[in-house]
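The values are calculated or read from the model by the stated rules, or taken from the named source; none is laboratory data. Quick caveat, the model's predicted, so the values are computed rather than measured. All Cβ positions, even for glycine, are placed from backbone atoms using ideal geometry, and neighbour counts span all protein chains on display. Ligands, DNA and RNA are excluded from the accessible area calculation, which covers all protein heavy atoms including side chains. Shrake-Rupley method; radii C 1.70, N 1.55, O 1.52, S 1.80 Å.
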Amino acid sequence: MLTVSGEKRQESTRQEDDHHISERRYGSFKRSFRLPASVEESKISAALADGVLTVTLPKSAAAKAKVKKIAVKKS
């Protein structure tokens with residue numbers, strides 16, 4: 001099971017004529033995913049860049065060996 005959790009925050013402020021407007025939004029989240037048996041758990045990695053989380057789940061050698069090619073016919 002892989003669980004990803006975090007918190008997002010957003011603040012905005014603007015001045016209009018004779019009043020000042022300030023808004024704040026925030027919230028936490030948590031997502032869980034079942035990992036396939038073919039994933040090598042010891043080699044899972046994650047990187048965060050520009051607000052995007054990239055999680056890499058490498059397949060085990062046994063799973064890579066089970067490649068099945070399917071021919072596609074034109075109709």
- [ ] List nothing, just return the count: lysine pairs in the chain, 8 or more apart or interchain, with Cα separation under 17 Å.
- [x] 4
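Determine the sum of side-chain charges near Ser38: Lys and Arg each +1, Asp and Glu each -1, restricted to other residues whose C-beta is under 10 angstrom from that of Ser38.
Result for the local shell: +2.
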Open item on the list: Among Ala61, Gln15, Ser75, which residue has its Cα furthest toward the positive end of the charge dipole of the chain, with +1 on Lys/Arg Cβ and -1 on Asp/Glu Cβ?
Closed with: Ser75
Task: Overall Cα dimensions of the stretch 1-73 - principal axes, largest extent first, Å - done: 69, 37, 19
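Using a probe of 1.4 angstrom, how much of the accessible area of the chain is carbon and sulfur, in percent?
Details: 3700 of 7410 Å².
Carbon with sulfur: 50 percent of the solvent-accessible area.
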- [ ] Could you state the accessible area per residue of the chain in Å², with a 1.4 Å probe and every protein chain left in place?
- [x] 99
Open item on the list: Restricting to Cα pairs below 8 Å that are 6+ residues apart, what does the relative contact order work out to for the chain? Please round to a whole percent.
Closed with: 24
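State the extension gain, in nm to one decimal, for the chain segment bounded by Ser42 and Lys30, taking 0.36 nm per residue of separation less the distance between their alpha-carbons. The partial results should precede the final answer.
Values: separation 12, 0.36 × 12 = 4.32 nm, distance 2.20 nm.
Length difference between fully extended and current span is 2.1 nm.
Averaging sequence separations of C-alpha pairs under 8 Å and six or more residues apart, then dividing by the length of the stretch 31-75, give the relative contact order as a whole percent.
Values: 30 pairs, mean separation 14.4, N = 45.
In percent, rounded to a whole number, it is 32.
State to the nearest 20 debye the size of the charge dipole of the chain about its Cα centre, where the only charges are +1 on K and R beta carbons and -1 on D and E beta carbons. Show your work: numbers first, answer last.
Numbers: 16 positive and 9 negative charges, 246 e Å.
For this selection, approximately 1180 debye.
R0 = 30 Å: FRET efficiency of Leu53 with Asp18, Cβ-based, nearest 0.05? The partial results should precede the final answer.
Working: r = 42 Å, r/R0 = 1.41.
Computed FRET efficiency for Leu53 and Asp18 comes out at 0.10.
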